[in-house]
Amino acid sequence: MATNELDAATRHQIYVGRYSTNVANRLIALLNRADKHLMAQIALVLQNAPESFKAAYLDSLLKSVNNLLKSLYEEVGNELQASLRQFAKNEAHFNMALLNNAAGRANVVGSLASVSPNTVYAAAMARPFQGVLLKEALKGIESGVAKRIRDEIRMGIIEGRTNDQMVRAIYGTRANGHADGLLNWSRRGVDSLVRTAVNHTSNVARQVSYEANSDLLRGWMFVATLDGRTTLTCAALSGKIFPIGEGPMPPRHWGCRSTSIPVLKGQEKLLGQRASKDGPVDANLDFSDWLRNQPHDVQDDILGPTRAELFRAKKIQVDRFTDARGNVLTLEQLKKKDKSLFELVK
Ligand SMILES: [Zn+2]
């Protein structure tokens, strides 16, 4: 029994999400470690500034804080790029497996052109997502944080807040895990950026492999994860086929989980057809229905054994695919999972 590309890509996309969580967690830990240093610097600014001069000299007083933010986001950027470079390698391999699988099922004669991981990485960095390149997106978070800190202090001075109150507004409270501080905005920003950048790299890798094999392909199909979190744009595009090098390539928005699969020449009829007795399925299949049709071990893998059991007993609904924060995959684990996707082939 051969895995169809839709099933493989859907599962791979879940694993990619877990890998994103891993990368995001690492970068957020980096931000958290820097917070104390940053707050000490901010406290110093507040203490050393004579009351009457605070507002007027705020920008120059904040120079040290801004320099700290600059080097912090440089570090975040370097870490993220290093992760994406490694991840690009994985995606280049996965896409070859996906294309090979499609070619095998469509009885395509001829050899597939492989794409080097470096080409994939270079293309991912060169093609903008959501209109911005990775560096600009990080710069946007950095300047957003700097602006929020400056605005808070400026307003604090005007409204006569104490230094402690301003520090609390910026850093948040320990009781709330600092989620109530404005620095939390940067953690959410980095989380969203990582998820979008990882999916962007995955999708560019996919597109580059299509372009290298365009002679064998009829096009590519947009595949959205159809659940309660899918945007209308992505839901409307799901299942549509576009010529190679054209069409609305995912990610379509921040945090987009959409992906694509190859459509080989003459493969139209085979596409999305399952080897099971359930008959054919299409790319517009709802996530919950898709999951219902998966073997037990796949359901266990995606939901965890306990929830999977409840899902099978129809005691819980899975209308929104959520992944626990602790559900993370390292690159090595991602590789193993990917390998298992095509083990049934041949
Ligand atoms: Zn989307």
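The values are calculated or read from the model by the stated rules, or taken from the named source; none is laboratory data. None of the values given here were measured: they were computed from a predicted structure. Positions of Cβ are backbone-derived with ideal geometry, glycine not excepted, and every protein chain shown enters the neighbour counts. What goes into the accessible areas is simple: the full protein's heavy atoms, side chains included, and nothing from ligands, DNA or RNA. Shrake-Rupley method; radii C 1.70, N 1.55, O 1.52, S 1.80 Å.
With all protein chains present, calculate the accessible area of ARG325 using a 1.4 Å probe and round the result to the nearest 10 Å².
Accessible area of ARG325: about 120 Å².
Explain nothing, just the number: relative contact order of the chain, from Cα pairs under 8 Å at least 6 residues apart, as a whole percent. Please list the in-between numbers first.
On the way: 446 pairs, mean separation 93.1, N = 346.
It comes to 27 percent, rounded to a whole number.
Using 29 Å as the Cα-Cα cut-off, could you pick out the over-long pairs in LYS240/LYS314; LYS135/LYS335; LYS36/LYS135? Spell out each step's value before the answer.
Values: LYS240/LYS314 31 Å; LYS135/LYS335 27 Å; LYS36/LYS135 25 Å.
Beyond 29 Å: LYS240/LYS314.
Please identify, among PRO251, PRO295, PRO128, the residue showing maximal mean-square fluctuation in a Gaussian network model of the chain using a 10 angstrom Cα cutoff.
It is PRO295.
Using R₀ = 25 Å, calculate the FRET efficiency as 1/(1 + (r/R₀)^6) where r is the Cβ-Cβ separation of ASP59 and ARG161; round to 0.05.
Between ASP59 and ARG161 the formula returns 0.85.
Per DSSP H run of n ≥ 4, the term is -39500 (n - 2.57); total these for the chain, divide by its residue number, and report the mean residue ellipticity at 222 nm rounded to 500 deg cm²/dmol.
It lands at -19500 deg cm²/dmol.
Please list LEU237, LEU38, LEU232 from largest to smallest accessible area, probe radius 1.4 Å, with all protein chains kept in place. Don't jump to the answer; show the numbers that get you there.
Values: LEU237 30, LEU38 5, LEU232 150 Å².
So the residues, ranked largest to smallest area, are LEU232, LEU237, LEU38.
Got a number for carbon plus sulfur as a percent of the chain's accessible area, 1.4 Å probe? All intermediate terms of the calculation are to be shown ahead of the outcome.
Values: 8770 of 16610 Å².
Looking at the chain in its full context, I get 53 percent from C and S.
Name the residue from GLY245, THR21, ASN293 whose Cα lies farthest towards the positive end of the charge dipole of the chain, charges +1 on Cβ of Lys and Arg and -1 on Cβ of Asp and Glu.
The Cα lying farthest towards the positive end belongs to THR21.
Using a 1.4 angstrom probe and counting only protein chains, how large is the accessible area of LYS139 in Å², to 10?
Surface accessible to solvent at LYS139 totals approximately 100 Å².
Enumerate the aspartates and glutamates that LYS89 could reach by cross-link, defined here as Cα to Cα under 12 Å, with residues fewer than 8 away along the same chain left out.
GLU332
So what are region 39-134's ellipsoid semi-axes, whole angstrom, largest first, if each one is the square root of 5 times an eigenvalue of the alpha-carbon gyration tensor?
Semi-axis lengths for region 39-134 are 52, 12, 9 Å.
Would you kindly calculate the translational diffusion coefficient of the chain, applying Stokes-Einstein with the Kirkwood radius from alpha carbon pairs, for 4 °C and a viscosity of 1.567 mPa s, and quote it in µm² s⁻¹ without decimals?
58 µm²/s
If you place +1 on the Cβ of every Lys and Arg and -1 on the Cβ of every Asp and Glu, how big does the dipole about the Cα centre of the chain come out, in debye to the nearest 20?
In total the dipole reaches around 200 debye.
In what order, largest first, do ILE158, ILE261, ILE241 sit by accessible area if the probe radius is 1.4 Å?
ILE158, ILE241, ILE261
With the dipole of region 5-337 worked out from charges on the C-beta (+1 for Lys and Arg, -1 for Asp and Glu) around the Cα centre, which of ASN95, PHE321, SER114 lies farthest toward the positive end?
PHE321
Where a Cα-Cα gap under 19 Å defines reach, which aspartates and glutamates qualify for LYS147, not counting those fewer than 8 residues away within the same chain?
LYS147 reaches ASP35, ASP59, GLU74, GLU136, GLU159, ASP180.
Could you report the accessible area of GLU136 in Å², rounded to 10, computed with a 1.4 Å probe on the protein chains as they sit in the structure?
Accessible area, nearest 10 Å²: 100 Å².
Residues of region 225-260 with backbone nitrogen within less than 16 Å of a virtual label 7 Å along the Cα-to-Cβ line of ARG188, please, listed as ranges.
254-256
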